[in-house]
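Derivation of every value follows stated rules applied to the coordinates shown; laboratory data play no part. The model shown is predicted, which means the values in this text are computed figures rather than measured ones. Neighbour counts run over all protein chains shown; Cβ positions are idealised from the backbone, glycine included.
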Amino acid sequence: MWILVVLAAAFPLAAQVSPYRIERAPSRITLDARLDEPAWRDATPVGDFIFNWFESGDREQTDARMLWDDDNLYVSWRCQDRHISAQVTERHGPVSRDDCVEIFISPNPAKVRNYYTFEINVIGTMLNRCRTDWWTGPPTWEPEGVQYRTTYHGRARKDESSDDREWIVELAIPLRNFARDAAHMPPRDGDEWRLNLQRTGGITNRQNSTWAPIAPPSKSFHTPESFGRVIFSTQVAAAPNAEAGRKLYNANCTACHGLDGAAGDRAPALGAQRRYLRRTEAELFDAIKAGIAGTLMPASPLPDSQVREIVGYIRSIRATAIDFAAPGDAALGREVFAGKGNCAACHMIGGRGGIIGPDLSNIAAERKYEDLRAALTVAKPVPPRGFQPVRVTLRDGRRVRGVIKNENNFSLQVLGTDDKLHLIDRSQAASVEYEKQSLMPADYGKKLTPAELTGVLAYLSTQSRRRAE
Amino acid sequence: MKTLCLAVAAAALAQSQVTYDHLLRADPKNWLHYSGQYHAQRHSLLKQVTTANAHQLSAKWIYHVDGARRLESVPIVVDGVMYVSQPNEVHALDAATGRLIWEYRRQPALQKGPNRGVAVYGHRVYMGTPDAHLVALDARNGSLLWEVEIAKASDGYWSPAAPLVIKDKVIMGIAPGDHGLNGFLDAYDATTGERLWRWHSIPRPGEPGNETWAGDSWKTAGGDTWLTGSYDPELNLLYWGIGNPAPDFDGDVRKGDNLFTESVVALDANTGKLRWYFQFTPHDVHDWDSVEIPVLVDAPFNGRPRKLMLHGDRNGFYYVLDRVTGEFLHGSPFVQQNWAKGLDPKGRPIRVPGVIPSFQGTKTCPATSGATNWMSPAYNPDTGWFYLVAQEGCGINTKSRDTFRPGGNAYMATGYIESPEEPWQMYVRALDLKGKLQWEYKQINSRRYGAGVLSTAGGLIFVGDDQGFLTALDAKTGKALWHFNTGRQISGQPISYEVNGHQFLALTAGVNVVAFALFDGK
């Protein structure tokens, strides 16, 4: 352990940013530098930009979001800025002197130094480079089919003005530009790329900021080792404001229903999976707006927008782990999963790991976050079907320990702790002893530190294959 | 010429008409009723297959019912012809070979199911339909003779039960009670389809029993009749189990005993007049339909010969009644239960306070799926024991405020889930007349209903399970003597019949009809 501590002290690791899930665009995106489509509204922001080399001035924030479809990667930047200026109009000119946004992309995480750059200033001039080990062309690069719009698109120049508030860049990059380095084209659910989003330039209050922090001592955006991780998700972007909905729910609905979606004295738990509960957005909206005739459920006087937020909250408490950004350090969780937690001894993720426990590659789409936590910290009353531990002694004296995949009065199909299948005729078994407890440990709340536990949960919360929508 | 004569003789045999006398005598070579005979003992007198040779049973044929999903039909066999149904369809098969003779497909091919089987009388085949009609077909070629409307399908009614023919009447039940539709039992003229009588299972104002419903709650009250009952020709009494009250889980809106839900009723078969009733679960709030088949047995009880009725109820209790008077003679639980402290001297349950559905959910044993359900029981006169499929397990029952909406919408006021503490478990149990457990056969890994049981004079109990296994048990010990994996969940009860000197066992299993007989080297 002390070795690790010394190493950590000698080479301080940069703060890391959580992986960003790029979700599918739910509808067509019009490149007009307005960002008023529902697609952008529902897309998740990457989070606050970091001012890596900050000395003084205002930290003006950037709201950047990404979406994708089979053809394009879409990127938007909404930049707070009280001093907007630009004058470079020449293709591949030095746009980073102007108010400018950038995205640097490594489509292959194993070859992070193969990256592509897109730098666009506020009047719509772009600079591109292809920094890869196979590029033999000029220092600049001509990507195919890139489309974008900026707030002051096509102007000869933009000078600072007293009413400057914010500016926007909306960009669509055809994914085919990355075919040479990407694992799949178009990307598949769960594919990981590395990239960074940046903002630079301007005259008054000139600052540099990035999404993924840049590890010192580098003072350059061209530090692909520091790029953040992005994961392509086939989930379609849809993110109602659940937190606002929760507050509205707790303030307006808890005369009958319980707090936070629990059961109340006079009305059922809305978070429960009950067949009589309304499910779809429209059904829930109607139930709240119009009430449920013949029941105590009244029509709500709240405006539609607030009803929608309550609907979003109710749907959120029924959603699974993948639907929300889990707190905690997923990278740490991944380490614990393979190491200290010993999870990978029994569980497989993405084709690697043990076989005796359930495959967890899609667990975030199957379980709620709270259920994942409970699985790690609370013992189940009975082992789940397919994972009942058993000890069988055969008439010839051999012993088998494993989990029962199937059984009836005449045969047992056991997956042994030796990772072998044991197909047993019950008449050949001298004894069949069912163990009361699942093989799954439930003491991770004690075994792991709080950070490790939330890390594992964050890691598990990203495990999802394609979801049926 | 000689060959021709034989062929003609065989053809005549296969086309012989079923008379009331046939129905009464129920030649064991045939399987003429849903439950084998009027007394519903499901005990075949055939004894070619015995405890000594059951291990030689082998599959003889499989008939696949095209488009089937999960057959629950019990085949009827008349002189070598088998009639098997699924919703809106009848298939007539050569019972020795499984070869199709004719099929009837009614339009539209509605999948609303199940259909539990047909009845045959004269040269007619009778079937209820998903749109609540009674259909009569010609048994020889499947031609439609007539159809009559039992109830309005647009109201939500449908007819899954197998008809029961008594004299010249076709008795038909109805479903569903879970939609707040009131049940009834009908008798139709077997020749013309004319309705002869209707008995309402929910008494209307002015009729005895209506006072057991608070306010107008009797109007949307349930009480359906979705399984086939039994009949005593000497008493001319028809016995039928009645389903749950509606809304199923919210009793607040229908205070009272809610007659005649959760009862067995004895009706005069000629007139449909109520002779007596016995209510197993007054004011039920757990959806414990009492439709389970009343089994009629003549046996000494408490020292004197009596005409008895045996009944394993979904509420977890086994009952013995005097079927002449309806007098309660005995009741005892056959599964773990938590809702009643016991039964009082009249057989009325003494409720445990608080075991009623709640908004939060209340642990209730047995679960709503019930201690038993549509799976037919059997009675073996040789052992004198009652055999039934039992489910051990609890549910978490919840309620809400529901509103009746006409047109076939569920009116249940919510439902139940399996209790997470322990999974459900299926058993076959043998009870003596007093309900004392003689043996049990745990169906390992079976947690949902499969099929009911068949008893045979060969000393065997045949039972299918949800894992697709048909198993032969020794009726005296419960020991498994033979089994066969049919490949799909079994939901229909086994039957036995004889053709060409061979005893067959047959049942619907998943999407197929499968028949077995002793291996004869061919």
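Side notes on the structure shown:
- The ranking of A:ARG65, B:ARG275 from fewest to most other beta carbons within 10 Å of each one's beta carbon is B:ARG275, A:ARG65.
- Cut-off 12 Å between beta-carbons: net charge of the residues surrounding B:ALA132, Lys and Arg +1, Asp and Glu -1: -4
- Relative to the longest principal axis of the Cα atoms of chain B, the long axis of helix B:2-14 lies at roughly 10 degrees.
- Size of chain A from its Cα atoms: along the principal axes, largest to smallest, the extents are 88, 64, 42 Å.
- Extent along principal axes [Cα atoms of the stretch B:45-153; Å; largest to smallest]: 52, 30, 23
- Fraction in percent of alpha-carbon pairs per bin - 10 Å, chain B: 4, 20, 32, 28, 13, 3, 1, 0
- Ignoring aspartates and glutamates fewer than eight residues from B:LYS255 along the same chain, the ones with Cα atoms less than 17 angstrom from its Cα are B:GLU211, B:ASP216, B:ASP284, B:ASP287, B:ASP402.
- Relative frequency of Cα-Cα separations exceeding 32 Å in the stretch A:14-236, percent: 12
- The A:GLU55 and A:THR136 beta-carbon pair, evaluated with R₀ = 41 Å, returns a calculated FRET efficiency of approximately 0.55.
- Eligible lysines near B:LYS29 by straight Cα distance, threshold 19 Å, same-chain separation 8 or greater: B:LYS47, B:LYS60
- When the C-alpha to C-alpha distance is required to be over 27 Å, the pairs from B:LYS112/B:LYS273; B:LYS152/B:LYS219; A:LYS380/B:LYS442; A:LYS111/A:LYS420; A:LYS405/B:LYS479; B:LYS273/B:LYS436 that qualify are B:LYS112/B:LYS273; A:LYS111/A:LYS420; B:LYS273/B:LYS436.
- Positive-pole candidate from B:LEU144, A:VAL414, B:GLY173, dipole of the protein assembly as shown, charges at beta carbon: A:VAL414
- Straight-line cross-link reach from A:LYS340 at under 14 Å between alpha-carbon atoms covers these aspartates and glutamates, not counting any fewer than eight positions away in the same chain: A:ASP443, A:GLU452.
- Annotation: amide H of B:VAL165 within the under-5 Å range of B:ILE171, sequence separation 5 or more or interchain, hydrogens built in the peptide plane.
- Magnitude of the charge dipole, the protein assembly as shown, Cβ model with Lys/Arg +1 and Asp/Glu -1, debye to 20: 1740
- Counted charge near B:GLY256, where neighbours are those whose Cβ lies closer than 13 Å (Asp, Glu -1; Lys, Arg +1): -4
- Basic side chains Lys and Arg get +1 at the Cβ, acidic Asp and Glu get -1 at the Cβ, and with that the dipole of chain A about its Cα centre reaches some 1580 debye.
- 37 °C / 0.692 mPa s Stokes-Einstein diffusion coefficient of the protein assembly as shown, Kirkwood radius on C-alpha pairs, µm²/s: 99
- Dipole-positive endmost among A:THR393, B:THR414, B:TYR427 within the protein assembly as shown (Cβ charges, Cα centre): A:THR393
- Amide H contacts of B:VAL499 (H built 1.01 Å from N, in plane; Pro and chain starts excluded): B:PHE504 sit under 5 Å, all sequence-distant by 5 or more or on other chains.
- With the charge dipole of the stretch A:14-236 set up from +1 on Lys and Arg Cβ and -1 on Asp and Glu Cβ about the Cα centre, the Cα lying farthest toward the positive end among the listed residues A:PRO138, A:ASN128, A:TRP53 is that of A:PRO138.
- Phi angles of the stretch A:185-190 translate, via the Karplus equation with coefficients 6.51, -1.76, 1.60 and θ = phi - 60°, into HN-Hα couplings of 9, x, x, 9, 4, x Hz per residue; Gly and Pro are given as x.
- Label sites at B:LYS152 and B:THR271, each approximated as a point 7 angstrom past Cα along Cα to Cβ, lie 3.1 nm apart.
- A:THR449 versus A:GLU370: modelled label distance in nm, points set 7 Å from Cα along the beta carbon direction: 2.8
- Using only side-chain charges placed at the Cβ, +1 for Lys and Arg and -1 for Asp and Glu, the dipole size of the stretch A:14-236 relative to its Cα centre rounds to 420 debye.
- Working from Cα pairs under 8 Å separated by at least six residues, relative contact order for chain A is 14 percent.
- Packing-based ranking of A:244-253, A:443-452 yields A:244-253, A:443-452, ordered from highest to lowest mean Cβ neighbour count within 10 Å.
- Within the shell defined by Cβ-Cβ distances under 11 Å, the residues around A:TRP77 carry a net charge of -3, with Lys and Arg each +1 and Asp and Glu each -1.
- Take the Cα of B:ALA299, step 7 Å toward its Cβ, do the same at A:LEU394, and the gap between the two points is 4.4 nm.
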